[in-house]
Each structure stands twice: as structure tokens, then as C-alpha cells.
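The values are calculated or read from the model by the stated rules, or taken from the named source; none is laboratory data. No experiment lies behind these values; they were computed from the predicted model shown. Quick reminder, even Gly has a Cβ in these numbers, built from the backbone with ideal geometry, and neighbours come from all protein chains shown.
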Amino acid sequence: MRQLKPVNVVIAGGGWVGLTMAKEIASRTSLSVVVLERGHSWKEQYATGMDELDFAFRYRMMQNIAEETSTHRHSLKSSAAPIRQYGSFNPGTGVGGAGEHWAAISYRYPPEQFTLAAFLQNRFGKARLPEGLAVQDWGVTYDQLEPYYWSAEQLMGVGGKAGNLNGKKIDGGNVFEGPRSHEYPLPPHKQTYLTTEFEKAVRGLGYHPYPIPAATLSRTYTNPDGVTRPACAYCGYCTRFGCMIGAKAQPSNTLLPVLQKKKNFELRTGCWVRRVIHRDGKAEALSYIDAVGQETVQPADIVIVASWTLNNSRLLYLSKIGEPYDPATGKGTLGRNLTHQVGVQTRMFTDKTLNGFMGAGALGMGIGDYDWNQGIEAFPGVLRGGNIRAMGSGEGPISSFGAIPQGTAKSDWGSQWKKAALAWHDKTTNIVSEADHLSYRDHYLDLDPTYADKFGDPLQRMTLDWTDHERAQGAMLAQIHNQIAKAMDMRTGGATRWLDKYTVTNYQSTHVNGGAIMGTSPDTSVVNPWMQHWQMPNLWVMGASAFPQNSSGNPTLTILAVTLRGADGLIDKYLKRPGALL
Amino acid sequence: MKRREFMTLPASGLGGVLLYTLAGEPFRVQAQEGTVRVPLRFFTAAEARVVTAACERIFPKDESGPGATEAGVVIYIDRQLAGPYGRDKYRYTQAPFVESVPEHGFQGKENPREIYRAGIKQLGDFADLKPDEQDQRLRAIETSRFFRMLRQHTLEGMFSDPMHGGNAGLIGWQLIGYPGPLMSFRDQIDKVHGQPWTRKPVSLAQVTGRPVKGWEDEKD
């Protein structure tokens, strides 16, 4: 074992959260900061990485699932099986983490999300809420987060159209969003034929279309740190790929250029963190296997855990930090409030060619008329809605081939099917939705009793299933999808059955949350609203693991906002008076 | 070391372009009398013959255009199986292997190589049957893990970049009007509305102007 000299701050994970914390600390203080990243740097591979097979089908930028995965079971009573191949979510690896291969859709969460427990009780009354609901307040309000949302939007160069500027509603933006202090840093993306037709149709139906907020730059942009990136070229190789020109905001092109100039910053790749070493309520070091396989210990004054959601709670479990949650008694906090996101899509067919291979990950139009708290009155049993959008994200030639209207061919192979697939090729798309995923008492994470990772450490076990609420959300959204398709003169093809049972083989989104949640009390949360561990003040556990439930919309912007606020807490408060902030 | 086996494919439609996809192979591709001899990495020549015939039934040459044989799909599959994917380098394969609910996906122990070997064996004298009989035999195994893989790999071999061994001469991309991984559609995206935008397709190597390698060809 190799024992290194102590540093001031050591960070597990080199994605958006870890590198944002590193940038804030290394820029604003003279503290030494070391980031440990499990993977390697991808950057030089982006230029030759426009290959659908390796990147989208062989998951080249994802953690190697052969080395570590999770197990899943549907309920406390059913048995778990390992997730053996990628399906419902794709954790990234390498410098930048999942922030390299993301779609760059950059929503804010609505104000009531942060005090959702009280909000739902006021609106529906306790009696109408489902049994076992575990929704909690975040311990931070939208108003407190607003300046940090604005910082995150400037950092990445988000393009969009404000629908609520200081309380004034503006047509053309999302009029249902919370008040913004500023218009977006950049205008929206160019729109495709599909998204333009979607906009016309939903407007005709009386809805309120808005361009999807995008961190794939609509123009050349220089952020407040002086980092300049070029405008998006709409090449279509975006989600599951790194951007070959740096137009998509990624930690590697947005944070690293600043960090690389800092003498007090060091990035170590190929370093697999296995334990937080601690004694007497104080974190002392991170222990890891380095790039040549040597067990190494890096002591530090401050330890920040900033890996992908599920790895955060797992690292706490393996390090024996905090009291494991017990769903039978409701006691303990570690592992509670596991959520994902409620994804629904409806296949549509048109007689026009869509050129679906062009696009940007975050290019699209959406409506908020059935999102969050909107439009749900007519749908008994629905407590929270979801966005509805048409996207021009760029579809590869393999994945886009083969969808045909039901009944067009007897099977999915052979001459008859081939002819139909060719006839409908590039004339089909999905209307897609993502809805709030509420947290429930029986949905949580613990260590699996059977399966282990490549080192022999137990895997984490997810206990998660869809409930009647998510099925009601899905039914509502599918009904509106069909209404919009009709207004667009498109035929719909086949109902989605994704929400019958939670399925690890169908892609939902990589928006998995919880396990080390933030909140107002150490009895019901792992970290305080600054994402400082309640019982271990020099340990910070940051990222979507802190979300007590999930909103609709993509989480990265909110992850950045709570992280930037956490950085202020650490730098402006903790460093001045080390100890528990609350 | 096992003696390298070859398969013979008709050069018509793929001759020159197949030579291109095989660039970098340590074997000399021999073109003679309208056929090319391709070195195999995983399949035996007899196995390659069965897979070629089965892929052709999944994606046949017909009046709508070329099929799997012309695209060199079998070469694509041969390389995938010979590489890390074929031996499950990117799948969680720790025991115990248990039967589980369908929502947990494939839980078996067998890797793609083993699934193919067993599946091909089951197809027997497939390559010598008439197309109708071949279809019947495939229909009987339509829901098997082997067939679902074979179907998926056929599409991958049709429509992936030719660096992986299939889509010979970009024949698959021509068929669907895909122009290749061009670096920019900035001038087209909001202007070409409702009409197909097509170009003679180009491969990633042509776009970047330098040789590119698939993951299966990298040292691991």
C-alpha cells in the first residue's frame, strides 16, 4: 500500500460535480485539490468518434459493466438479479463522466419542487396522497437557487427563451417555469422540419410551445471564465458521443481549460476509489487502486464524494458511513428515496422525410401544459405531470432503421419487412415525455447479499418498481401525444408498455437519483442542504444522489446549481469555521 | 496455432470496396474469377456459409435493393465475435446465473461466441436448403437468443461504418439515403424541410481524412 502526502481537498469523480467543485476551490482559494477519476481522458478520441456502432451500441463511453453493476428487484419480497448489460441507464466513465456523452438538455426545476412535500399536501390533502409516499423538501428554495441556476447557465452557455422574466410571462418561452432573473445567455437552436411542425400543431391546440433549453451552443460563446466554444454544427453525433468540436458543454471543454492553468490542481486518471477512510466522525482519506493497480491512500483535510449517483451511496455503504435505511421501520437514512424518471414515448409515422440524422442532442420544442402542476385536474390519480416534446437529437443509421406501422409486415425480418422498413425509413419519430418520479418508502438502495464487483466488493441493490401513479402519468401523457400526432397529421403506431413493470433493458434516461439525499433533518437525510454530511462535517457527498425525488426534465442544470451553492457553503462558511454548517 | 480459414464471396457488387474494408489485414485478399477470398477470424468456412445464408434471409436481396451478402454482413459478425464483444468483455458475467423475470433481460452464462456456435449447429444443413425451407427453419427459432442476436447483428452489419467490415462500398447507407458522418448540417437543418437531403455517402475515414479503427481492432 502506498501512503501519499496529505492534500487539502481530495475529490472522488471527475465529472460535472467533481470538476465544478475543483474549479471553485482551486480558483477561489490556494488549497491543493486532487481529483481521482476512474477512467481516462476521451478528448483525443472525439474527432474519430463519430461511429454509431462503438459509441451508441457498444457503449464505449460508459463504465464497463463487466467490472461493476447494480442488481435490481421489483419489491422487498422479490429476488434481485444483476443488470448484466446496459439498458435503462448509462453511467459514463472517463474525464467528464456522463457529462461528456449527455444530450445537454438544461431545464430548471420548478419552484414548488423544492418544497414538494408541503405543496402536495396543501393541494391534494393527506388522504389523497398514495400510501408509502416518501416525498421530502430539499432544504433549499428555488429563490435561493436562482442565482446558481443563472451561474450554471452562463457557465455552459445555455440557449433558450425565457417564459417568465422576474414574474412577467412571455409568450414563446415556457410560461409555466419559475421566475428568471435574466434572459438565457444565448438564443434557441435552429429548428428542424419536425420540431417546426410540432410547434404549429401544439399552438393550434391552444398549448404553449417553447424551445428546449440547450447547452449545445446555438452561437459561438465565451463564458464568464473566458472559455470560448464554437456554435453547434448539427452533425447529429451528440447523445452517447463526445462533441468533436466542443460546442456541447462538457466538463472537458468547459471546466478543464480553467483547471489546467491552476498549479494547486491535479487530476489523476485510472484511479478507482474504493473507500472513504474515517475515524471518530472525521473523513481522513480516500483509498483507491491506481492506474497500475497499486492500492493507494490519499489523505486530505476535506473529502468530496462526487461520482455518479449510484456510486456515491455505494461508496458510503462500503465505507460504513451513516445508518443504512430500513424500509420496515423507516429508520436510517443511507440508501433511501431511490428514484429514476418516468419516460413515455409514442411512435408516429408521417409521409414526409424528416432527415432525422441531422440534429443536436438538445434541439427540440416542448410544451409545459401537462408538466409539473399543470393540466392534471382532468386526470384523477395524477399528482405531477411531465413535459411533452419533439426532438431533433440526431439519429444514427442503425438505430433509426426498422420501425414500421403495426400490421405492415408479418415479422421483423425478411423481404416483406425489409420493404416496409425502407418505405417508412426516416418518416417516423417519437413524441417523448419525461415526468416527475416521486419517491416511495419501499424504493431504496442497499448492498446486494450475493453479487460483487471485480474487487469482490458487494454490488448495490436497487429496489424499485412503477406504481399506479407512474402508470397514470404515462396514460395521461400518451393521450396528449396522440392528440398532438393527430393535429400534426401523423399516424401513431403502437402504445408504449414501458410502465407496466420497471424494466432494466429499456432505456429510460440516465437520470437516477437519491440514496444520499439532502434535507432539513439528520433523521431523514444523509446530507444537509449544502450537501455536507450530517455526521461527518469534512465529508461532502454531492450530485443527483442528493435529490429527495426527481422532477421532470433533465437533472444536470439542477445538479450544477446545488453544487455551486454547496461550493459557496464550503468556501465561504466551512473554511472560515470548520464544522457542521447546520 | 489453428490454420486460418477463408470464405469465398462473389466479387460482383463488393470486389474493390471489400478490398478497401480489409485494409490493414495481415492477409492478402485474393480476387480471382469474380470472387474474393476473405480470411476469417472466428468462424470456420462452413459456419460462415450458414451465417451468410441466414443473414441473407433476414435482409434479402430483392427488388427493393441489395441484401446482407452484398454488404459483407458475415465479415462484420465474424470480426465482432472474434473481438472483445464476442467473449463478453463488456457484460457482467459473474455467477450465480439465475432464471429471472423478463424485465431483467438476458441472465445466461453463454457469451455471443457460444450462442453462435450452438445456434449454427442447430441450423445444420441450412446453407443447402431452398429459401422457403430456410425461412421455415428460421421461423422456428425466431424468439431464440441466437436469432435475436443474428437479426440485430445483420442490421449492424448493414448500416455501421465500413471500418467494422460490413456495409461494403457503403451499400447500406446508399440504400437508406444516409450521407455518412458529415461534420456539419448547419446550412441544411432548418432549410431542407420535408424533403430528403441526400449525397453520395462517405465513410468516417473519408470524412476525417485518416485511418480509423473499430473497437474490435484495438488491443485490450
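Summary table below
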| quantity | calculated |
| --- | --- |
| Test: residue in the stretch A:300-314 that is assigned to a loop (DSSP other than H, G, I, E, B) and free of Cβ contacts under 8 Å to residues at least 40 places away in the same chain | no |
| Residue match in the stretch A:64-76 (condition: surrounded by 22 or more Cβ atoms within 10 Å (Cβ to Cβ), among the aliphatic types (A, V, I, L, M) and within 24 Å of the chain's Cα centre (by Cα)) | no |
| Options A:D225, A:D280; residue that is among the acidic types (D, E) and without any contact (Cβ under 8 Å) to a residue 40 or more places away in the chain | A:D280 |
| Any hit, the stretch A:439-451, residues being under 29 Å from B:Y92 (Cβ atoms) and free of Cβ contacts under 8 Å to residues at least 60 places away in the same chain | yes |
| Residue in the stretch A:219-255 that is farthest from A:I25 (Cα to Cα), counting only those that are among the aliphatic types (A, V, I, L, M) and surrounded by 23 or more Cβ atoms within 10 Å (Cβ to Cβ) | A:A247 |
| Members of the stretch B:128-164 that are more than 10 Å from chain A (Cβ to nearest Cβ) and outside any helix (DSSP H, G or I) | B:L129, B:K130, B:I141, B:T143, B:S144 |
| Single residue of the stretch A:410-437 satisfying the filter (over 28 Å from A:T192 (Cβ atoms) and not polar (S, T, N, Q)) that is surrounded by the fewest Cβ atoms within 10 Å (Cβ to Cβ) | A:K410 |
| Conditions (1) among the small types (G, A, S); (2) under 27 Å from A:P380 (Cβ atoms); (3) without any contact (Cβ under 8 Å) to a residue 12 or more places away in the chain; (4) within 14 Å of another protein chain (Cβ to nearest Cβ); number of the one not met by A:S78 | (2) |
| When residues of the stretch B:46-98 are limited to those that are acidic (D, E) and away from chain A (no Cβ under 12 Å), the one farthest from the chain's Cα centre (by Cα) | B:E47 |
| Residue match in the stretch A:317-326 (condition: part of a strand (DSSP E or B), of a type in the set (A, V, I, L, M) and surrounded by 18 or more Cβ atoms within 10 Å (Cβ to Cβ)) | no |
| Test for B:E103: is it closer than 30 Å to A:R73 by Cβ, within 9 Å of chain A (Cβ to nearest Cβ), surrounded by fewer than 20 Cβ atoms within 10 Å (Cβ to Cβ) and at pLDDT 95 or above | yes |
| Some residue of the stretch A:384-391 being assigned to a loop (DSSP other than H, G, I, E, B) and either more than 13 Å from chain B (Cβ to nearest Cβ) or buried (at least 24 other Cβ atoms within 10 Å of the Cβ) (or both) | yes |
| Index of the failed condition, B:T154 passing every other in (1) among the β-branched types (V, I, T); (2) touching a residue at least 24 places away in the same chain (Cβ under 8 Å); (3) over 25 Å from B:P84 (Cα atoms) | (3) |
| Qualifying positions in the stretch A:330-366 - touching a His at 6+ places or on another chain (Cβ under 7 Å) and outside any loop (DSSP other than H, G, I, E, B) | A:T339, A:V342, A:T346 |
| The stretch A:410-445, residues that are within 12 Å of chain B (Cβ to nearest Cβ) and either part of a strand (DSSP E or B) or of a type in the set (K, R) (or both) | A:K410, A:K418, A:K419, A:K427 |
| Index of the failed condition, A:G407 passing every other in (1) in a loop (DSSP other than H, G, I, E, B); (2) surrounded by 21 or more Cβ atoms within 10 Å (Cβ to Cβ) | (2) |
| Filtered residues of the stretch B:199-220 (kept if loosely packed, with under 14 Cβ neighbours inside 10 Å and either more than 22 Å from B:M158 (Cβ to Cβ) or within 9 Å of another protein chain (Cβ to nearest Cβ) (or both)) | B:G209, B:R210, B:P211, B:E218, B:K219, B:D220 |
| Residue match in the stretch A:365-381 (condition: within 14 Å of chain B (Cβ to nearest Cβ), on the phi < 0 side of the Ramachandran plot and acidic (D, E)) | no |
| Check on B:L81, of a type outside the set (D, E, K, R) and touching a Gly at 6+ places or on another chain (Cβ under 9 Å) | no |
| Qualifying residue in the stretch A:430-439 (condition: touching a Pro at 6+ places or on another chain (Cβ under 7 Å) and modelled with pLDDT of 95 or more) | yes |
| Breaking point among (1) more than 29 Å from A:E67 (Cβ to Cβ); (2) small (G, A, S); (3) in the same structural domain as A:C232 (by TED's automatic domain parsing); (4) part of a loop (DSSP other than H, G, I, E, B), for A:G396 | (1) |
| Those residues of the stretch A:214-238 which are away from chain B (no Cβ under 14 Å) and of a type in the set (S, T, N, Q), in sequence order | A:T222, A:N223, A:T228 |
| Subset of the stretch B:104-127 [in contact with a strand residue (DSSP E or B) (Cβ under 8 Å, 6 or more places away or on another chain) and not in a loop (DSSP other than H, G, I, E, B)] | B:H104 |
| Any chance A:E131 is surrounded by fewer than 17 Cβ atoms within 10 Å (Cβ to Cβ), without any contact (Cβ under 8 Å) to a residue 60 or more places away in the chain, of a type in the set (D, E, K, R) and outside the structural domain of A:G366 (by TED's automatic domain parsing) | yes |
